[in-house]
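Note sheet for the following structure.
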Amino acid sequence: MRRVVKLIALTSLVGGAMVTGSILNTPADGAGTTPGTTDDPVVTKSYVDQQIQQALNAGSGGNTNPTNPTQPSQGADEVKNVALKPGKILIADAGTEFIVRSGNAVIYTEVSSGVADLTDGKDLLNGQAAPKNHLLSFPREGRGIQVKEGQTSNLIVMVRGGYTIK
């Protein structure tokens with residue numbers, strides 16, 4: 001009886017060792033493949049960054065203000081030419097930049113501080129003329145430009161960043 005038990009234990013031990021050895025000898029998925037092939041592709045950091053950016057943009061829908069149809073869907077570095085009719089106000093989002101190309105514009109703000117004229121290095125306050133071909137920076141929302149009173153033609157403004165027309 002002892003001999004049978006020893007034989008069964010020995011058989012179990014040898015069988016277990018064989019199973020364990022075969023498992024440990026099996027290569028992992030992808031092991032033994034050549035880098036750069038379809039089985040083991042090599043990608044660059046720029047490709048991964050591009051795929052991440054596309055995935056992030058797909059979730060946002062691309063429009064920062066879907067309730068306002070006058071806000072364009074544009075990238076931060078894209079420049080858009082905007083025609084502003086008399087009586088309308090072009091309100092900038094924080095960080096937006098304007099360049100008045102034609103027409104006479106005045107600064108519009110609801111607060112005492114103004115808009116930065118980066119070309120001359122000074123602040124323009126509410127009601128002051130916005131010079132043509134000067135880069136204007138809008139540090140906060142609620143500031144913008146409008147057509148000077150008495151002018152009947154449109155303003156043409158280059159805009160980089162978000163805006164609304166009211």
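The values are calculated or read from the model by the stated rules, or taken from the named source; none is laboratory data. Please read all numbers here as calculations on a predicted model, not as lab measurements. Virtual Cβ from ideal backbone geometry, glycine too; neighbours counted across all protein chains shown. What goes into the accessible areas is simple: the full protein's heavy atoms, side chains included, and nothing from ligands, DNA or RNA. Shrake-Rupley method; radii C 1.70, N 1.55, O 1.52, S 1.80 Å.
The figures follow:
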| item | result |
| --- | --- |
| Enumeration of residues in the range 78-120 that are part of a loop (DSSP other than H, G, I, E, B) and in contact with a Ser or Thr (Cβ under 7 Å, 6 or more places away or on another chain) | Pro86, Gly103, Leu118 |
| Whichever residue in the range 27-42 is open to solvent by 90 Å² or more (accessible area, probe 1.4 Å) and among the β-branched types (Val, Ile, Thr) and, among such residues, is modelled with the lowest pLDDT | Thr38 |
| Given (1) at pLDDT below 90; (2) in a strand (DSSP E or B); (3) within 19 Å of Pro86 (Cβ to Cβ), number of the condition Ser153 does not satisfy | (2) |
